[in-house]
Amino acid sequence: MDYKLIYDEEKQACDISLETINNNQIVDVQDGGDLINAVLISLLSERAAESDWTTTLDKRGWWGDADNERQLGSRLWQLEYLPVDDSSVYLGTAEGYVIEALTWLVDDRICKNVSCSASFVDQAERHLNLDITLTKADNQEIRYSYVWDGALT
């Protein structure tokens, strides 16, 4: 059964759309629902930190990745621990984490290209806006904007 995830920026979490399930609506890959679900799972799941990560003892991650060559999730959680001394470096790191998390979409030929542009939403430079563009095989672009608050991870 297909399902649709609904993202709540305030809670920084997803929930399953009961309306979609209860009305027996079909969530079709062609309308982008399954693709957006894949993006949300990829971004909101915590990928394990690289071996050189020493900022925290907990490197997070998912136990199921122990024997997998390709890890699930993103390292966006690490942004909470990184200083914003240089905004362009910080934003570039955020973009890199998003691309890293979504590269499997290109590897598996679901998308031809994945790109991300990060910017700060607030003057305190705490909340990020991540503008993600997915280019499908037929050159159709799906754009998704996500507000990230590292303090809520």
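The values are calculated or read from the model by the stated rules, or taken from the named source; none is laboratory data. Note that the structure is a prediction, hence the values are computed from the model and not measured. We place every Cβ from the backbone using ideal geometry, glycine too, and count neighbours over all the protein chains shown.
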Pairs please, first residue from region 66-88 and over 22 Å from residue 103 (Cα atoms), second anywhere and surrounded by fewer than 19 Cβ atoms within 10 Å (Cβ to Cβ) and at pLDDT 90 or above, Cβ atoms under 8 Å, 6+ apart in sequence or on different chains. 82/90; 82/93; 83/90; 84/90; 87/120
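So which of 112, 136 ends up being farther than 16 Å from residue 40 by Cβ, of a type in the set (D, E, K, R) and crowded, with 17+ Cβ neighbours inside 10 Å? Let's see the steps before the verdict.
On the way: 112 fails: crowded, with 17+ Cβ neighbours inside 10 Å.
The unique qualifying residue is 136.
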Within region 83-102, is there a residue that is closer than 25 Å to residue 37 by Cβ and in a loop (DSSP other than H, G, I, E, B)? no
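Just to check your reading of the model, which residue among 82, 91 is among the hydrophobic types (A, V, I, L, M, F, W, C), under 19 Å from residue 122 (Cβ atoms) and out of contact with any strand residue (DSSP E or B) (no Cβ under 8 Å at 6 or more places or on another chain)? So that I can check it myself, show each step before the final result.
Values: 91 fails: out of contact with any strand residue (DSSP E or B) (no Cβ under 8 Å at 6 or more places or on another chain).
That would be 82, the only listed residue that is among the hydrophobic types (A, V, I, L, M, F, W, C), under 19 Å from residue 122 (Cβ atoms) and out of contact with any strand residue (DSSP E or B) (no Cβ under 8 Å at 6 or more places or on another chain).
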Part of a helix (DSSP H, G or I) and surrounded by 15 or more Cβ atoms within 10 Å (Cβ to Cβ) - does that describe any residue in region 45-53? no
Of everything in region 61-82 that's modelled with pLDDT of 85 or more and not hydrophobic (A, V, I, L, M, F, W, C), which residue is nearest to residue 37 (Cα to Cα)? 73
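Considering only region 88-118, state which residues are closer than 22 Å to residue 54 by Cα and small (Gly, Ala, Ser). Give the derivation first.
First pass over region 88-118, keeping only residues closer than 22 Å to residue 54 by Cα: 89-98, 100-101.
92, 94, 96, 101 - these are the residues of region 88-118 that are closer than 22 Å to residue 54 by Cα and small (Gly, Ala, Ser).
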